[in-house]
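**Q** Okay, here's the structure, questions in a sec.
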Amino acid sequence: MPRFYGYFAAALPSQHSDDRTVYIILLEKVPGRDLRAIVPPDVARNVCAKHRGAIIGAAYRLHFDILAHGVNQQDMQPRNVILRPQKHVSLSESGTRFCDTKECLLALEVDCDELHMVMVDFEMVEFEEPDSSFSEPAVQRTHIDQVKSTYLERWLDNAMV
């Protein structure tokens, strides 16, 4: 999660009323791109199963890591998840393919084995008692397998948006 620097409210002039209050949360800048930018909705079907599974699995691991601390993220949309840059991946230099699917949009751009994601939008959350068992890899795998089988098709139908 990005570092939290503060919460501010400011009254700004408005054309339609006296003033309007704008609320601002100041977070650390997280390098990377959101999943919606990496896999635009109109081409999401051109991502191979290996990349799709790795990205969805990493997003769910992130969700369960956050849940272990008592924060139940209710808006796990790709626009809210940032994929940090992979230092060993350089489009201009390597030419390394990270999958065997010729048509895969991410074949040269994303190493499935080195995904580091950050959740950046906590507008829709529920707070619960922390449950550290969600941090354990075996427990996460069980939950992720259950959730992936249920929600994978929904993500595909919505073009990962």
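**Q** Taking the 0 to 90 degree range and rounding to the nearest ten, how far is the long axis of helix 137-157 tilted relative to the main principal axis of the chain, both from C-alpha atoms?
**A** 90 degrees
**Q** Give, as a single signed number, the net charge of other residues whose beta carbon lies under 14 Å from the beta carbon of residue 30, with Lys and Arg counted +1 and Asp and Glu -1.
**A** That works out to +2.
**Q** Top to bottom by accessible area (1.4 Å), largest first, where do 33, 141 land?
**A** Largest to smallest exposure gives the sequence 141, 33.
**Q** Another question about this same structure. Rounded to the nearest percent, how much of the accessible area of the chain (1.4 Å probe, protein heavy atoms only) is carbon and sulfur?
**A** Solvent-exposed carbon and sulfur of the chain make up 51 percent of the total.
**Q** Near residue 50, which aspartates and glutamates are there with a Cα under 12 Å away, not counting those fewer than 8 places off in the same chain?
**A** Result set, ordered by chain and number: 100, 111, 113.
**Q** Please work out how much accessible surface residue 145 shows to a 1.4 Å probe, ignoring ligands, DNA and RNA, in Å² rounded to 10.
**A** Solvent-accessible area, nearest 10 Å²: 100 Å².
**Q** Taking only Cα atoms, what is the 0 to 90° angle, nearest 10, from helix 49-67's long axis to the longest principal axis of the chain?
**A** The answer is roughly 40 degrees.
**Q** From the backbone phi of the stretch 122-128, what are the Karplus-calculated ³J(HN,Hα) couplings (6.51 cos²θ - 1.76 cosθ + 1.60, θ = phi - 60°) in whole Hz, Gly and Pro given as x?
**A** Karplus values, whole Hz, x for Gly and Pro: 10, 5, 10, 9, 10, 9, 10.
**Q** Out of residues 5 or more away from residue 71 or on other chains, whose amide H comes under 5 Å of its own, with H placed 1.01 Å from N in the peptide plane?
**A** 128
**Q** Tally Lys/Arg at +1 and Asp/Glu at -1 over every other residue whose Cβ is under 9 Å from the Cβ of residue 117; what's the total?
**A** Here the count lands on +2.
**Q** Based on the alpha-carbon gyration tensor of the stretch 1-119 and its eigenvalue square roots a ≥ b ≥ c, which shape applies: rounded if a/c is under 1.5, prolate if not and a/b is larger than b/c, or oblate?
**A** Cα axes put the stretch 1-119 in the prolate bin.
**Q** Let me ask another. What accessible area per residue, rounded to a whole number of Å², is obtained for the chain using a probe radius of 1.4 Å?
**A** Per-residue value: 64 Å².
**Q** Give a residue-ordered list of calculated ³J(HN,Hα) values for the stretch 24-36 (Karplus: 6.51 cos²θ - 1.76 cosθ + 1.60, θ = phi - 60°; whole Hz; x for Gly, Pro).
**A** 10, 10, 9, 10, 5, 6, 10, x, x, 10, 6, 4, 5
**Q** Need the full-extension length gain, residue 42 to residue 141, defined as separation in residues times 0.36 nm minus the C-alpha distance. One decimal, nm.
**A** In short, 32.7 nm is gained.
**Q** Amide H to amide H under 5 Å from residue 27: which residues, 5+ apart in sequence or cross-chain, H placed 1.01 Å off N in plane?
**A** 5
**Q** Would you pull out the residues with amide H under 5 Å of residue 33's amide H, same chain only if 5 or more places away, H placed 1.01 Å from N?
**A** Those lying under 5 Å, H to H, from residue 33 are 83.
The values are calculated or read from the model by the stated rules, or taken from the named source; none is laboratory data. Quick caveat, the model's predicted, so the values are computed rather than measured. Virtual Cβ from ideal backbone geometry, glycine too; neighbours counted across all protein chains shown. Side chains included, ligands, DNA and RNA excluded: accessible areas come from the protein's heavy atoms. Shrake-Rupley method; radii C 1.70, N 1.55, O 1.52, S 1.80 Å.
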